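As C-alpha coordinates, the structure follows; a few thoughts come after it.
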Amino acid sequence: MRTAEDAPPAARAARLELLAAVQDRHHAYDSLVTFWRRLLAPIPAAMFDGFVAMNIPELPIDPAPRHVLAYAELATRITDPALTVAMSRQLWRTNPTGIHDKRALVTAVAEVCETVDSLVATGCEPRPGPELDRFIGAHAAARHERDTPRLRRQLLDDATDTDPGIHRYWKLTTEITGTTTSGAAQYWIYQALAKWADPATPRR
(Lines give C-alpha, C1' and ligand atoms only; values in the text may rest on other atoms or scores of the structure.)
Protein backbone atom coordinates (compact mmCIF):
# COMPACT_ATOMS: atom_id res chain seq x y z
CA MET A 1 0.00 0.00 0.00
CA ARG A 2 1.26 3.45 -0.90
CA THR A 3 1.89 5.69 2.14
CA ALA A 4 2.57 9.39 2.62
CA GLU A 5 6.27 8.54 2.88
CA ASP A 6 6.15 7.11 -0.64
CA ALA A 7 5.00 10.43 -2.11
CA PRO A 8 7.47 12.62 -4.04
CA PRO A 9 9.46 15.05 -1.88
CA ALA A 10 7.55 18.06 -3.23
CA ALA A 11 4.21 16.46 -2.36
CA ARG A 12 5.40 15.58 1.14
CA ALA A 13 6.63 19.13 1.67
CA ALA A 14 3.30 20.56 0.53
CA ARG A 15 1.45 18.20 2.88
CA LEU A 16 3.62 19.25 5.83
CA GLU A 17 3.06 22.92 4.98
CA LEU A 18 -0.70 22.38 5.02
CA LEU A 19 -0.60 20.49 8.32
CA ALA A 20 1.45 23.28 9.88
CA ALA A 21 -1.45 25.62 9.10
CA VAL A 22 -3.70 23.78 11.56
CA GLN A 23 -1.28 23.02 14.36
CA ASP A 24 -3.29 25.57 16.33
CA ARG A 25 -6.85 24.73 15.35
CA HIS A 26 -8.29 27.71 17.21
CA HIS A 27 -6.02 30.11 15.36
CA ALA A 28 -6.98 28.53 12.02
CA TYR A 29 -10.69 28.87 12.86
CA ASP A 30 -10.27 32.47 14.01
CA SER A 31 -8.42 33.25 10.77
CA LEU A 32 -11.35 31.93 8.72
CA VAL A 33 -13.82 34.00 10.76
CA THR A 34 -11.69 37.13 10.35
CA PHE A 35 -11.41 36.53 6.58
CA TRP A 36 -15.20 36.48 6.22
CA ARG A 37 -15.83 39.28 8.68
CA ARG A 38 -13.73 41.59 6.49
CA LEU A 39 -15.44 40.45 3.30
CA LEU A 40 -18.98 40.70 4.60
CA ALA A 41 -18.69 43.95 6.55
CA PRO A 42 -21.03 45.64 7.40
CA ILE A 43 -23.34 42.61 7.71
CA PRO A 44 -25.48 42.67 10.89
CA ALA A 45 -23.91 40.69 13.76
CA ALA A 46 -26.76 38.18 14.09
CA MET A 47 -26.70 37.42 10.37
CA PHE A 48 -22.92 37.04 10.42
CA ASP A 49 -23.21 34.58 13.30
CA GLY A 50 -25.63 32.54 11.22
CA PHE A 51 -23.23 32.62 8.27
CA VAL A 52 -20.41 31.42 10.52
CA ALA A 53 -22.49 28.57 11.90
CA MET A 54 -23.36 27.36 8.40
CA ASN A 55 -20.18 28.05 6.45
CA ILE A 56 -17.14 28.15 8.73
CA PRO A 57 -16.55 24.70 10.18
CA GLU A 58 -14.60 23.95 13.29
CA LEU A 59 -12.19 21.05 13.04
CA PRO A 60 -13.65 18.05 14.93
CA ILE A 61 -11.90 16.88 18.11
CA ASP A 62 -10.85 13.64 16.45
CA PRO A 63 -10.90 14.49 12.72
CA ALA A 64 -10.32 12.11 9.85
CA PRO A 65 -7.03 12.71 8.01
CA ARG A 66 -8.87 14.00 4.93
CA HIS A 67 -10.67 16.56 7.07
CA VAL A 68 -7.38 17.73 8.57
CA LEU A 69 -5.93 18.24 5.10
CA ALA A 70 -9.08 19.98 3.85
CA TYR A 71 -9.09 22.31 6.85
CA ALA A 72 -5.41 23.01 6.46
CA GLU A 73 -5.90 23.90 2.80
CA LEU A 74 -8.75 26.26 3.72
CA ALA A 75 -6.55 28.03 6.25
CA THR A 76 -3.81 28.34 3.64
CA ARG A 77 -6.04 29.48 0.76
CA ILE A 78 -7.45 32.48 2.61
CA THR A 79 -3.94 33.96 2.72
CA ASP A 80 -3.96 34.22 -1.09
CA PRO A 81 -4.84 37.80 -2.14
CA ALA A 82 -6.28 36.48 -5.41
CA LEU A 83 -8.96 34.56 -3.51
CA THR A 84 -9.87 37.66 -1.50
CA VAL A 85 -10.28 39.67 -4.71
CA ALA A 86 -12.38 36.94 -6.39
CA MET A 87 -14.61 36.47 -3.33
CA SER A 88 -15.09 40.22 -2.94
CA ARG A 89 -16.06 40.62 -6.58
CA GLN A 90 -18.46 37.69 -6.28
CA LEU A 91 -20.17 39.48 -3.39
CA TRP A 92 -20.29 43.02 -4.79
CA ARG A 93 -20.15 42.19 -8.54
CA THR A 94 -18.35 45.43 -9.27
CA ASN A 95 -16.41 48.24 -7.64
CA PRO A 96 -17.96 48.58 -4.15
CA THR A 97 -17.74 52.38 -4.43
CA GLY A 98 -20.74 52.26 -6.76
CA ILE A 99 -22.83 50.66 -4.01
CA HIS A 100 -24.58 53.24 -1.84
CA ASP A 101 -25.82 50.87 0.87
CA LYS A 102 -23.52 47.88 1.38
CA ARG A 103 -25.27 46.81 4.57
CA ALA A 104 -28.67 46.61 2.86
CA LEU A 105 -27.15 44.75 -0.10
CA VAL A 106 -25.31 42.09 1.88
CA THR A 107 -28.34 41.61 4.12
CA ALA A 108 -30.74 41.20 1.21
CA VAL A 109 -28.41 38.85 -0.70
CA ALA A 110 -27.95 36.73 2.43
CA GLU A 111 -31.74 36.43 2.73
CA VAL A 112 -31.99 35.33 -0.91
CA CYS A 113 -29.26 32.73 -0.33
CA GLU A 114 -31.19 31.35 2.63
CA THR A 115 -34.15 30.79 0.30
CA VAL A 116 -31.97 29.24 -2.39
CA ASP A 117 -30.30 26.88 0.12
CA SER A 118 -33.43 24.73 0.21
CA LEU A 119 -33.58 24.65 -3.60
CA VAL A 120 -29.95 23.50 -3.77
CA ALA A 121 -30.56 20.86 -1.10
CA THR A 122 -33.49 19.39 -3.05
CA GLY A 123 -31.59 19.41 -6.35
CA CYS A 124 -33.73 22.09 -8.00
CA GLU A 125 -32.16 23.18 -11.28
CA PRO A 126 -31.18 26.87 -11.46
CA ARG A 127 -33.72 28.94 -13.38
CA PRO A 128 -34.85 32.54 -13.65
CA GLY A 129 -37.59 33.24 -11.14
CA PRO A 130 -38.44 35.07 -7.93
CA GLU A 131 -35.13 34.21 -6.27
CA LEU A 132 -33.14 35.76 -9.11
CA ASP A 133 -35.51 38.75 -9.20
CA ARG A 134 -34.89 39.37 -5.49
CA PHE A 135 -31.13 39.10 -6.01
CA ILE A 136 -31.19 41.61 -8.88
CA GLY A 137 -33.56 43.84 -6.95
CA ALA A 138 -31.13 43.96 -4.02
CA HIS A 139 -28.28 45.03 -6.28
CA ALA A 140 -30.47 47.58 -8.05
CA ALA A 141 -31.64 49.16 -4.79
CA ALA A 142 -28.11 49.33 -3.39
CA ARG A 143 -26.98 51.15 -6.55
CA HIS A 144 -30.04 53.43 -6.74
CA GLU A 145 -30.92 51.83 -10.06
CA ARG A 146 -33.78 49.85 -11.54
CA ASP A 147 -33.83 46.17 -12.48
CA THR A 148 -33.03 46.45 -16.19
CA PRO A 149 -31.52 44.09 -18.78
CA ARG A 150 -28.42 46.31 -18.77
CA LEU A 151 -27.95 45.88 -15.01
CA ARG A 152 -28.50 42.12 -15.24
CA ARG A 153 -25.88 41.79 -17.97
CA GLN A 154 -23.48 43.94 -15.95
CA LEU A 155 -23.90 41.71 -12.90
CA LEU A 156 -23.33 38.65 -15.06
CA ASP A 157 -20.26 40.12 -16.77
CA ASP A 158 -18.76 41.20 -13.43
CA ALA A 159 -19.29 37.79 -11.81
CA THR A 160 -16.41 35.61 -10.62
CA ASP A 161 -18.58 32.62 -9.71
CA THR A 162 -16.69 30.31 -12.07
CA ASP A 163 -13.33 31.15 -10.47
CA PRO A 164 -11.49 27.86 -9.68
CA GLY A 165 -10.24 29.22 -6.35
CA ILE A 166 -13.79 29.97 -5.20
CA HIS A 167 -15.00 26.52 -6.24
CA ARG A 168 -12.10 24.85 -4.47
CA TYR A 169 -12.76 26.81 -1.28
CA TRP A 170 -16.42 25.78 -1.11
CA LYS A 171 -15.66 22.19 -2.10
CA LEU A 172 -13.25 21.92 0.84
CA THR A 173 -15.84 23.45 3.16
CA THR A 174 -18.46 20.95 2.03
CA GLU A 175 -16.02 18.08 2.55
CA ILE A 176 -15.75 19.09 6.20
CA THR A 177 -19.36 20.09 6.94
CA GLY A 178 -21.13 17.61 4.69
CA THR A 179 -23.85 20.21 4.17
CA THR A 180 -24.95 22.83 1.65
CA THR A 181 -22.99 26.08 1.83
CA SER A 182 -23.64 29.68 0.87
CA GLY A 183 -21.17 29.11 -1.96
CA ALA A 184 -23.57 26.63 -3.54
CA ALA A 185 -26.42 29.13 -3.22
CA GLN A 186 -24.35 31.89 -4.83
CA TYR A 187 -23.45 29.61 -7.74
CA TRP A 188 -27.11 28.62 -8.18
CA ILE A 189 -28.02 32.30 -8.50
CA TYR A 190 -25.20 32.86 -11.00
CA GLN A 191 -26.42 29.95 -13.12
CA ALA A 192 -29.96 31.29 -12.96
CA LEU A 193 -28.72 34.66 -14.21
CA ALA A 194 -26.74 32.98 -16.98
CA LYS A 195 -29.88 31.13 -18.07
CA TRP A 196 -31.80 34.41 -18.09
CA ALA A 197 -29.19 35.81 -20.50
CA ASP A 198 -29.35 32.72 -22.72
CA PRO A 199 -31.58 33.47 -25.76
CA ALA A 200 -32.75 29.86 -25.68
CA THR A 201 -34.31 30.30 -22.23
CA PRO A 202 -38.10 30.87 -22.44
CA ARG A 203 -39.21 34.24 -21.07
CA ARG A 204 -41.88 34.39 -18.40
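Could you check Thr79 against (1) over 14 Å from the mean Cα position of the chain (by Cα); (2) part of a helix (DSSP H, G or I); (3) modelled with pLDDT of 85 or more and say which number it fails?
Status for Thr79: all satisfied but (2).
Looking only at segment 86-110, filter to residues that are part of a helix (DSSP H, G or I) and free of Cβ contacts under 8 Å to residues at least 12 places away in the same chain; which one of those is most open to solvent (accessible area, probe 1.4 Å)?
Result: Thr97.
Output the qualifying pairs, or none if there are none: Cβ atoms under 7 angstrom, residues six or more apart or on different chains, first residue in segment 138-161 and of a type in the set (Val, Ile, Thr), second residue at pLDDT 90 or above.
Thr160/Ala86; Thr160/Ile166
In segment 33-52, how many residues are under 16 Å from Thr181 (Cα atoms) and under 14 Å from the mean Cα position of the chain (by Cα)?
The total comes to 6.
Exactly one of (1) charged (D, E, K, R); (2) surrounded by 12 or more Cβ atoms within 10 Å (Cβ to Cβ); (3) in a loop (DSSP other than H, G, I, E, B) is unmet by Asp62. Its number?
(2)
Which ones in segment 39-51 are open to solvent by 20 Å² or more (accessible area, probe 1.4 Å) and assigned to a helix (DSSP H, G or I)?
Ala45, Ala46, Met47, Asp49, Gly50, Phe51
The values are calculated or read from the model by the stated rules, or taken from the named source; none is laboratory data. If you're wondering where the values come from, they're calculated on a predicted model, not measured in any experiment. Every residue, glycine as well, gets a Cβ built from its backbone with ideal geometry; the counts of neighbours run over all protein chains shown. We work out accessible area using only protein heavy atoms, side chains counted, and drop any ligands, DNA or RNA first. Shrake-Rupley method; radii C 1.70, N 1.55, O 1.52, S 1.80 Å.
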